[in-house]
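Novice: The structure follows.
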Amino acid sequence: MSDDEQKMAILRKAFTMFDPSKSGLIETTKISTILNTMGCLFDHSELSRLTTEQDTDKSGKVDFDGFCAIASHFLEEDDAESTQQELKEAFRLYDREGNGYITTATLKEILAALDDNLTSKDLDGIITEIDTDGSGTVDFDEFMEMMTGD
């Protein structure tokens, strides 16, 4: 499943939760709640502008496509700099000795904590891909590349 498909599945689930009557529409007032639930940071004025754009008939409701257009705006809002800053912080937490690298064993723990569906074999595969030089350690650049896919 690609990132986009995964994102769509999450959005679909969120939309369905807030559309109990299966009308195919959700109230625009609930969008901020959904974004909060998904852990998205958003600017209220920006949200209101996007909602107005999507709710063309001013019904106070949007369909799934409208909801996606609004929500995906905030899902991808993480600009590269703030993402890099967050990753640096995360990396620093695990690089306790301040060596500029973490061991692949530590990385395995991080990945397992992030996704409990990963099997030991999956984790080994990921580690092999990241630790290209086979050093048993991962520096910040390798970590960054893994987390952002750049």
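The values are calculated or read from the model by the stated rules, or taken from the named source; none is laboratory data. Bear in mind that the values here come from a model prediction, so they are computed numbers and not experimental data. Heads up, the Cβs are rebuilt from the backbone with ideal geometry, glycines too, and the neighbour counts pull from every protein chain shown.
Novice: Evaluate the range 11-24: report whether one residue or more is modelled with pLDDT of 80 or more and at positive phi.
Specialist: yes
Novice: Just give me the residues in the range 101-141 being closer than 14 Å to Ala90 by Cα, surrounded by 15 or more Cβ atoms within 10 Å (Cβ to Cβ) and either touching a residue at least 60 places away in the same chain (Cβ under 8 Å) or among the hydrophobic types (A, V, I, L, M, F, W, C) (or both), in sequence order.
Specialist: Within the range 101-141, Ile102, Leu107, Ile110, Leu111, Val138, Phe140 meet the criteria.
Novice: Can you confirm whether the range 96-110 contains a residue that is farther than 29 Å from Asp122 by Cα, at pLDDT below 90 and either not hydrophobic (A, V, I, L, M, F, W, C) or not assigned by TED's automatic domain parsing to the domain that holds Ile126 (or both)? Walk me through how you get there before you give the answer.
Specialist: Initially, the range 96-110 is screened for residues farther than 29 Å from Asp122 by Cα, giving none.
No, there is no match, as no residue in the range 96-110 is farther than 29 Å from Asp122 by Cα, at pLDDT below 90 and either not hydrophobic (A, V, I, L, M, F, W, C) or not assigned by TED's automatic domain parsing to the domain that holds Ile126 (or both).
Novice: Which residues, taken from the range 19-35, are more than 19 Å from Thr52 (Cα to Cα) and surrounded by 11 or more Cβ atoms within 10 Å (Cβ to Cβ)?
Specialist: So the first thing to find is which residues in the range 19-35 are more than 19 Å from Thr52 (Cα to Cα), and the list is 19-23.
Across the range 19-35, the qualifying residue is only Asp19.
Novice: Something else about it: Would it be correct to say that Glu89 is surrounded by fewer than 15 Cβ atoms within 10 Å (Cβ to Cβ), over 15 Å from the mean Cα position of the chain (by Cα), of a type in the set (Asp, Glu) and at pLDDT 80 or above? Lay out the reasoning, then the answer.
Specialist: Numbers: surrounded by fewer than 15 Cβ atoms within 10 Å (Cβ to Cβ): yes; over 15 Å from the mean Cα position of the chain (by Cα): yes; of a type in the set (Asp, Glu): yes; at pLDDT 80 or above: no.
No.
Novice: Select from the range 8-25 the residues that are under 12 Å from Gly66 (Cα atoms) and touching a helix residue (DSSP H, G or I) at 6+ places or on another chain (Cβ under 6 Å) and list them in ascending order.
Specialist: Within the range 8-25, Leu11, Phe15 qualify.
Novice: For Met1, indicate whether it is under 28 Å from Asn117 (Cα atoms) and either under 18 Å from the mean Cα position of the chain (by Cα) or modelled with pLDDT of 90 or more (or both). Let's see the steps before the verdict.
Specialist: Numbers: under 28 Å from Asn117 (Cα atoms): yes; either under 18 Å from the mean Cα position of the chain (by Cα) or modelled with pLDDT of 90 or more (or both): yes.
Taking the combined requirement at face value, the residue satisfies it.
Novice: In addition: If we keep just the residues of the range 73-83 that are surrounded by 13 or more Cβ atoms within 10 Å (Cβ to Cβ) and modelled with pLDDT under 70, which is nearest to Ile34 (Cα to Cα)? It would help to see each step written out before you state the result.
Specialist: Keep residues of the range 73-83 that are surrounded by 13 or more Cβ atoms within 10 Å (Cβ to Cβ), which gives 73-75, 77-78, 83.
Now restrict to residues that are modelled with pLDDT under 70: 77-78, 83.
On the way: Glu77: 16, Asp78: 17, Thr83: 22 Å.
The qualifying residue nearest to Ile34 (Cα to Cα) is Glu77.
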